[in-house]
Amino acid sequence: MGITLPIALFFGILQGASELFPVSSLGHAVVVPALFGIRVRESDADFLPFLVLLHIGTATALICLYWRQWGRIVAGFVRSAATGRVTGGDDRLAWLLVVGTIPAGLVGFIFQKPLQANFGNPRLAAGLLLVNGAMLLGAEMLRRRTERRAGIAQRDPAAEAKQFRSIEEMGFGHAALIGACQIVALFPGMSRSGSTMAGGLIGGLRHEEAVRFSFLLATPIILAAGLLEVPSLAGTANLGPMLVGGVAAGLTAYASARFLVRYFRVGRLDPYAYYCAGLGVLGLILLH
Amino acid sequence: MPDTGHTRNRTLAAVLIAIAVICLALAIFYFTQKTTFLAGSPAKIQIKHGLLFAVLAIVSAVGANILWRRDS
């Protein structure tokens with residue numbers, strides 16, 4: 001089946017929402033279409049160009065959300081590279097992102113295609129969604145334990161500001177470990193944003209800072225994944241519907257990111273864990 | 001008393017320099033040789049792999065410079 005307008009909108013909205021929610025975009029891309037009987041083969045000529053546009057749409061949304069910060073981050077990186085010194089918060093944040101991006105970027109670049117070829121099975125993705133749910137619950141369980149020890153009864157932003165860290169207070173080792181958590185997202189069913197949020201919580205970041213770092217980390221990887229395959233757009237006959245899909249992905253991703261930033265001021269990962277578990281069970285029952 | 005922070009920074013810088021050199025070598029390899037090494041078939045000049053390792057080489061070199069100058 002080629003990329004028609006309804007298909008493009010379906011996958012665009014699916015990608016935009018599931019990329020940033022901690023629910024595995026790859027898992028959704030494998031399980032949800034299978035549940036609806038929609039098949040788009042990776043061997044289809046339109047598949048790769050479409051994926052490119054979805055990624056660029058999502059990355060654009062993240063850049064728009066944090067455009068002021070990205071300006072400062074890029075300026076900080078260039079300044080530190082030119083002077084050979086890390087002098088300010090923006091310089092430091094730039095290098096935290098570099099250190100966080102390299103492990104997953106490198107492993108993903110080398111192993112993504114063989115992993116997706118071997119693990120792009122809907123039932124396996126459904127099973128890994130269960131694992132994703134367990135990961136999110138586990139991270140919140142560990143966070144609750146730390147909060148109890150610190151005498152924080154429930155989500156209390158003021159108390160958490162004293163007990164837990166912001167991104168700028170994080171060490172480079174932690175940044176590397178949180179970034180490395182993204183490697184699990186190579187397996188369809190495991191969430192990149194979920195693993196980095198979980199890693200951030202375990203590493204002592206405040207909830208909203210774990211979300212912010214997750215989104216900042218995601219941007220260069222998603223953007224690179226899109227831009228590296230831009231040459232595949234050349235000669236694509238079906239560009240119109242795919243562009244619509246890319247725009248839909250971008251708008252949905254932007255709305256999702258805005259929602260999540262507000263949600264995690266007081267919310268937790270638990271609802272997304274239960275959702276992943278439910279979708280995983282549904283997939284295991286209904287898919288053969 | 002030995003300055004362990006200074007020594008650690010210099011050691012990390014040396015490691016990053018080594019990584020930069022290796023990445024640069026790999027970048028040149030991928031830009032000039034037809035290969036399937038860590039890449040799919042068929043054997044061809046792997047531009048994307050070359051770009052990746054070139055970027056890694058630059059980032060490692062810049063990082064090494066920052067760490068080396070930290071205690072200067």
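The values are calculated or read from the model by the stated rules, or taken from the named source; none is laboratory data. A quick note: this is a predicted structure, and the numbers were derived from the prediction, not measured. Positions of Cβ are generated from backbone atoms using ideal geometry, with glycine treated the same way; all protein chains shown enter the neighbour counts.
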Filter result for A:L251 (under 30 Å from A:R145 (Cβ atoms) and in a helix (DSSP H, G or I)):
no
Only one of A:A17, A:A59, A:A8 is among the hydrophobic types (A, V, I, L, M, F, W, C), in contact (Cβ under 8 Å) with a residue 24 or more places away in the chain and surrounded by fewer than 22 Cβ atoms within 10 Å (Cβ to Cβ); which?
A:A17
Which of the residues belonging to the range B:39-57 are in contact with a Leu (Cβ under 9 Å, 6 or more places away or on another chain) and at the interface with chain A (Cβ under 9 Å from one of its Cβ atoms)?
B:K48, B:H49, B:L51, B:L52, B:L56
I need a count of the residues in the range A:194-228 that are surrounded by 24 or more Cβ atoms within 10 Å (Cβ to Cβ), among the small types (G, A, S) and over 9 Å from the mean Cα position of the chain (by Cα).
4
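For every residue, the table says whether it meets (1) farther than 19 Å from A:G173 by Cβ; (2) at pLDDT 95 or above; (3) within 13 Å of chain B (Cβ to nearest Cβ).
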| position | (1), (2), (3) |
| --- | --- |
| A:A82 | yes, no, yes |
| A:R85 | yes, no, yes |
| A:G89 | no, no, no |
| A:L97 | no, yes, yes |
| A:P103 | no, no, yes |
| A:G108 | yes, no, yes |
| A:F111 | yes, no, yes |
| A:P114 | yes, no, yes |
Per the list (1) of a type in the set (S, T, Y); (2) away from chain B (no Cβ under 13 Å); (3) crowded, with 17+ Cβ neighbours inside 10 Å, residue check on A:T146 breaks on (3)
Filter result for B:A25 (free of Cβ contacts under 8 Å to residues at least 24 places away in the same chain, at negative phi, more than 12 Å from chain A (Cβ to nearest Cβ) and among the small types (G, A, S)):
yes
Could you tell me whether B:T36 is touching a Lys or Arg at 6+ places or on another chain (Cβ under 9 Å) and either closer than 19 Å to A:V98 by Cβ or more than 10 Å from chain A (Cβ to nearest Cβ) (or both)?
yes
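Hey, could you check the range A:256-265 for residues that are assigned to a helix (DSSP H, G or I) and in contact (Cβ under 8 Å) with a residue 24 or more places away in the chain and say which is surrounded by the most Cβ atoms within 10 Å (Cβ to Cβ)? Lay out the reasoning, then the answer.
The first filter runs over the range A:256-265 and keeps only residues assigned to a helix (DSSP H, G or I), leaving A:256-263.
Imposing the further condition that a residue be in contact (Cβ under 8 Å) with a residue 24 or more places away in the chain reduces the set to A:256-258, A:260-261.
On the way: A:S256: 22, A:A257: 24, A:R258: 13, A:L260: 21, A:V261: 16.
Restricting to residues being assigned to a helix (DSSP H, G or I) and in contact (Cβ under 8 Å) with a residue 24 or more places away in the chain, the top hit is A:A257.
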Please give the helices (runs of 4 or more DSSP H) falling wholly within the range A:19-127 in which 2 or more residues are of a type in the set (S, T, N, Q).
A:47-65, A:67-83, A:89-119
